[in-house]
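Notes to accompany the following structure.
The values are calculated or read from the model by the stated rules, or taken from the named source; none is laboratory data. This is a predicted model, so every value here is computed, not measured. Cβ placement follows ideal geometry from the backbone for every residue including glycine, while neighbour counts extend to all protein chains displayed.
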């Protein structure tokens, strides 16, 4: 890349200053909201929804700062991207605090948590989930394929899958899939995303196990995501799809048991 002009440098630092000021404002709002939550838990769930949204706003500025560095200086700024990655985690953690991080459990285990944000419409839920999804994707693309954080994104996207699932009102889901129901399109898209993310998380954790960690815990997590997906299919009366997932779970469990026995034999030698 050619040498950057004085005018280009001036533009770069001016924009950088603007973005940093916006970031500081977001961080101050986060600090103020957290102080309010610590003093009074009343309505804390809605404040955490705001905090999750603000974390995504933070990501957008950090990604912009990296893009600016890349465009004008020809340098990828991994410090900005790493801070953005952490902000993605923070956004999901705020949502986990609201609806739990349970992967494969009956809806009744966290139904009461969802009831506390009943005023947060299906449309709002879908908009927030899309925003988080876009944030994660932007950070992932910023790092590129050959990054040390490759396997970290498996966990990040898995947590996204869990939160997206737990934001679905499974008790009223079937009724809400009537095209005449309010927010039908958003609910349908939300459900489709959940199915896609659960399957993807299962496959990616299995891949992480096979190609990176060889930790049985990762294999178990992969199977858990499949079981959560099967639970959704069963709820919707999708018998064929549920049976396909069941067979896949059985095959994966058999493979995991075989691997475990081989590992134990290897340790004894």
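For this structure, a couple of remarks:
- Of the numbered criteria (1) crowded, with 21+ Cβ neighbours inside 10 Å; (2) under 24 Å from residue 83 (Cβ atoms); (3) touching a helix residue (DSSP H, G or I) at 6+ places or on another chain (Cβ under 6 Å), the one residue 151 fails is (1).
- Residue among 255, 246, 220, 261 that is modelled with pLDDT under 95, more than 16 Å from residue 163 (Cα to Cα) and either out of contact with any strand residue (DSSP E or B) (no Cβ under 6 Å at 6 or more places or on another chain) or crowded, with 18+ Cβ neighbours inside 10 Å (or both): 261
- The listed residue being under 21 Å from residue 163 (Cα atoms) and in the same structural domain as residue 140 (by TED's automatic domain parsing), out of 61, 46, 11, 80: 46
- Taken over the stretch 223-243, the residue count meeting the criterion of being in a helix (DSSP H, G or I) and either over 22 Å from the mean Cα position of the chain (by Cα) or surrounded by fewer than 11 Cβ atoms within 10 Å (Cβ to Cβ) (or both) is 7.
- Residue within the stretch 152-163 that is at pLDDT below 95 and on the phi < 0 side of the Ramachandran plot present: yes
- Every listed requirement among (1) touching a residue at least 24 places away in the same chain (Cβ under 8 Å); (2) surrounded by fewer than 17 Cβ atoms within 10 Å (Cβ to Cβ) is met by residue 108 save one, (1).
- Qualifying residue in the stretch 9-24 (condition: farther than 20 Å from residue 128 by Cβ, within 20 Å of the chain's Cα centre (by Cα), free of Cβ contacts under 8 Å to residues at least 60 places away in the same chain and surrounded by 13 or more Cβ atoms within 10 Å (Cβ to Cβ)): no
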